[in-house]
Amino acid sequence: MKIIDLLNTGKITISMEVFPPKTSTAFDSVEKAVRGIAALHPTFVSCTYGAGGGTSEYTVKITKEVLDMGVPAMAHLTCISSDRDTIEQQIDRIREAGIENILALRGDIPQGFDVHAPHRFQHAIQLIHEIHALYPEACIGGACYPEKHPEAASKEEDILHIREKVDAGCNFLTTQMFFDNSIYYNYLYRLREAGVMVPVLAGIMPVTTRRQMERSIQLSGCIIPARFKAMVDMFGGNPGAMKQAGIIYATEQIVDLISNGIRHIHLYTMNKPEIAEAILRNISAITGIPAGSSD
């Protein structure tokens, strides 16, 4: 099932991201978490490629397992750390596994890495063109930053690059996490003004520990609202309270988004099916999507 077809039904969609294990010894525990998330029957599940492609060997395997459970799935593919031959091989593996959806990403640049090395892609748009050439039937997703890509010189330049990706054949976009919905609304307005009309999934991360918040800031540079900081300051030292507060905060974000006409929510689950299940239960009457069970 192609994701763009699911997004075009007019229904509310709740998709979820999972990540493969970093090492073979962690595979069983990660597989259990992924199966728990797939058992919740989200609209689709996306599986990351790992920083620097480090977990890439597991991406197709995990994505295929989700498909075999009857849940639409998408494999991430990053290009900055792989040469063209490796990218071609990975696209072949994705196609042979029956995976119809690919999230095309440049990926984070490893420290000291030469981005201008021969036979490598420097930008996601080059990967999008390559996927179209080798696997034209694939549905292609792209990433976007409501608060501007960290490397973009301006918001205008950032929007221009998004428009270029869509014009190259990107079927939909998924945002980086954000914790202030007004940032998303403003970003969506600017995208539409620039002629970017594809679906834009709102990326929501339930933050359930203080460390998770600190890492989120470090990785994405996202703005942390005062009320979110107050929540972490108050409950960050109490794991049970912080977990509950994080679930409530994410739930409130989703309720506000849906109340304002946003139909597509993407949860960064951090491989925690119990967190995803709690959020689904909180919004089941609003979305019409049953919570299922991760047990």
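Observations, loosely collected:
- Selection from segment 1-30 of residues that are in a helix (DSSP H, G or I), of a type outside the set (D, E, K, R) and more than 18 Å from the chain's Cα centre (by Cα): S24, T25, A26, F27, S29
- Unmet criterion (only one of (1) farther than 19 Å from M177 by Cα; (2) surrounded by 20 or more Cβ atoms within 10 Å (Cβ to Cβ); (3) out of contact with any helix residue (DSSP H, G or I) (no Cβ under 9 Å at 6 or more places or on another chain); (4) of a type outside the set (S, T, N, Q)) for D28: (2)
- Each residue in segment 31-61 was checked for being in contact with a strand residue (DSSP E or B) (Cβ under 8 Å, 6 or more places away or on another chain), at pLDDT 90 or above, more than 14 Å from N101 (Cβ to Cβ) and not in a loop (DSSP other than H, G, I, E, B), and 4 of them qualify.
- In segment 168-202, residue farthest from P150 (Cα to Cα) [restricted to those that are small (G, A, S) and buried (at least 18 other Cβ atoms within 10 Å of the Cβ)]: A168
- Unmet requirement for L201, which otherwise passes all of (1) out of contact with any His (no Cβ under 7 Å at 6 or more places or on another chain); (2) under 24 Å from A39 (Cα atoms); (3) touching a residue at least 40 places away in the same chain (Cβ under 8 Å): (1)
- The set of residues from segment 244-275 being touching a strand residue (DSSP E or B) at 6+ places or on another chain (Cβ under 6 Å) and on the phi < 0 side of the Ramachandran plot comprises A250, Q253, I254, L257, I262, H264, I265, H266, L267, Y268, T269.
- Index of the failed condition, E193 passing every other in (1) closer than 23 Å to G10 by Cα; (2) in contact with a Phe, Trp or Tyr (Cβ under 9 Å, 6 or more places away or on another chain); (3) among the charged types (D, E, K, R): (2)
- Only residues that are assigned to a strand (DSSP E or B) and aromatic (F, W, Y) were counted in segment 159-196, giving 1.
- Of all residues making up segment 8-26, the number that are small (G, A, S) and in contact (Cβ under 8 Å) with a residue 40 or more places away in the chain: 2
The values are calculated or read from the model by the stated rules, or taken from the named source; none is laboratory data. Bear in mind the structure is a predicted one, so any value in this text is a computation, not a measurement. Here the Cβ is made from the backbone with ideal geometry for all residues, glycine too, and neighbour counts use every protein chain on show.
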